[in-house]
Amino acid sequence: MRKKLIVIVLFLCVMLVSTACGKDETNNTPMPTAEATPTSETTKAPEVTTTPEATPTAEATPMPEATPTAEPTQIVTDPGKVLVVVFSATGNTKKVAEMVAKTENADLYEIVPAVPYTSEDINYNNYSCRALKEQSNAAARPEIGSETIDISGYTKIYVGYPIWAASEPRIMDTFVESYDFGTATVIPFCTSGSSGIGSTGTKLATLAGSGNWQSGKRFPGSATEKDVQTWIDSMKPAQTE
Ligand SMILES: Cc1cc2nc3c(=O)[nH]c(=O)nc-3n(C[C@H](O)[C@H](O)[C@H](O)COP(=O)(O)O)c2cc1C
C-alpha cells in the first residue's frame, strides 16, 4: 500500500513537472524571435526598396545635363566656314594669305583698291608718296574696288595686311568699317620688313565694332608654309583625349 502511494505521488510529481515544462515551451514558441526578425525585416524592407531607388539615381546619371556638355563639343567640332581676307601691295601678304587659306581649306577674298597703288605710290623713301600721306591721315579711307562679299556665313575670318608706317594700311580701315563681323572669330595677321603687328589688330577691332578679334601674328615676307602651319596649330585647342 505504501509503495502504491509512493508510486502515485511520484507519478503525479512527474506529471506536474512535465506539464510545467510543457507550458514554458509553449510560451517560448510564440516568442520566436523569428517574429521579431520579420518585423525588423519589414522595417528594413523599405530600405531594400531604397536600394533599387538608387537605380533611379543611376537613371539620373544619363543626365540630360550631359547634353549641354555635348553642345560646346559641337561648337568645337564644327569647323564652320573660314574666310581669309587680304590686302597686299607687293604680294608678300597675299602669299601668306594663300598658305593660310590652303591650310584652313578657306575661301580667299582680296581687297583690291579702286585706285591701284603704283610703285611710286608706295615708295616709302618718298615721304610725300600716296601711301605715307594716307597713313598720316587717320580719316583717310581709300575706296575698295573689289566686289563686296557676304561674310555673314563665316565663323572664322583671317584678316591679312602689310605694315605701312608701323600701322595697318588705311584701306583696311575702310574694309572693317564696311562689314559686320557678327560673332565670327577674327584673326589678324600681317607681313612687314621688321615691325611687329603692334596694336593694329586692336585698332581694327575697334573700328569694326563687331567680331571676336584675336591677338594677331606678324610674319616676315619670307614666311614659309611650315611657319603658317605652326601658327595655325598653336591656335587649336589642346586635345584632351
Ligand atoms: C608705304 C610702305 C610703308 C612701310 N612701312 C613699314 C614699316 O613701318 N615697318 C616695316 O617693318 N615694314 C614696312 N613696310 C614694308 C612692308 O610692310 C613689307 O614689305 C610687307 O611685307 C609688304 O607686304 P605686301 O607685299 O603684301 O604689300 C612698308 C612698305 C610700304 C610700301
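The values are calculated or read from the model by the stated rules, or taken from the named source; none is laboratory data. Since we're looking at a predicted model, the values are computed, not measured. Cβ atoms come from the backbone with ideal geometry, glycine included; neighbour counts cover every protein chain shown. The area values use the complete protein model at the heavy-atom level, side chains included, leaving out ligands, DNA and RNA. Shrake-Rupley method; radii C 1.70, N 1.55, O 1.52, S 1.80 Å.
Evaluate the range 211-219: report whether one residue or more is within 16 Å of the ligand (Cβ to nearest atom), touching a residue at least 40 places away in the same chain (Cβ under 8 Å) and either touching a helix residue (DSSP H, G or I) at 6+ places or on another chain (Cβ under 7 Å) or in a helix (DSSP H, G or I) (or both).
Scanning the range 211-219 turns up at least one residue that is within 16 Å of the ligand (Cβ to nearest atom), touching a residue at least 40 places away in the same chain (Cβ under 8 Å) and either touching a helix residue (DSSP H, G or I) at 6+ places or on another chain (Cβ under 7 Å) or in a helix (DSSP H, G or I) (or both).
Here I151 fulfils each of the conditions (1) over 15 Å from F87 (Cα atoms); (2) free of Cβ contacts under 8 Å to residues at least 40 places away in the same chain; (3) hydrophobic (A, V, I, L, M, F, W, C) apart from (2).
Pairing each residue of the range 87-112 that is closer than 18 Å to F175 by Cβ with any residue that is at pLDDT below 95, provided the two are 6+ apart or on different chains, yields C-beta distances under 9 Å for A106/K81; D107/K81.
For the range 164-196, the set of residues classified as more than 20 Å from G209 (Cβ to Cβ) and surrounded by fewer than 21 Cβ atoms within 10 Å (Cβ to Cβ) consists of A165, A166, S192, G193, S194, S195, G196, listed by residue number. Across the range 152-163, the number of residues qualifying as surrounded by fewer than 20 Cβ atoms within 10 Å (Cβ to Cβ) and in a loop (DSSP other than H, G, I, E, B) comes to 2.
Of all residues in the range 127-148, those satisfying the criterion of being open to solvent by 40 Å² or more (accessible area, probe 1.4 Å) and part of a loop (DSSP other than H, G, I, E, B) are Y127, S128, S136, N137, A138, A139, R141, E143, G145, E147, T148.
Tally the residues that are open to solvent by 30 Å² or more (accessible area, probe 1.4 Å) and under 21 Å from E98 (Cα atoms), restricting the search to the range 217-241.
Taking the range 217-241 as the starting set, the residues that turn out to be open to solvent by 30 Å² or more (accessible area, probe 1.4 Å) are 217-218, 220, 222, 224-227, 229-230, 233-241.
Checking which are under 21 Å from E98 (Cα atoms) leaves us with 217-218, 220, 222, 224-227, 229-230, 233-236.
Final tally of qualifying residues: 14.
Scoring D180 on the criteria (1) in a loop (DSSP other than H, G, I, E, B); (2) under 19 Å from V100 (Cβ atoms); (3) away from the ligand (no atom under 13 Å from the Cβ) leaves a single failure, condition (2).
For the range 207-214, the criterion of being open to solvent by less than 40 Å² (accessible area, probe 1.4 Å), assigned by TED's automatic domain parsing to the domain that holds R141, at pLDDT 95 or above and under 14 Å from P162 (Cβ atoms) is met by no residue.
The set of residues in the range 104-126 being open to solvent by 50 Å² or more (accessible area, probe 1.4 Å), more than 10 Å from the ligand (Cβ to nearest atom) and in a loop (DSSP other than H, G, I, E, B) consists of N105, V112, V115, P116, T118, E120. Which is within 16 Å of the ligand (Cβ to nearest atom) and β-branched (V, I, T), of T206, T200? Criteria check complete, one pass: T200.
For the range 195-235, the set of residues classified as under 16 Å from D173 (Cα atoms) and of a type outside the set (G, A, S) consists of I197, T200, T202, K203, L204, T206, L207, W213, listed by residue number.
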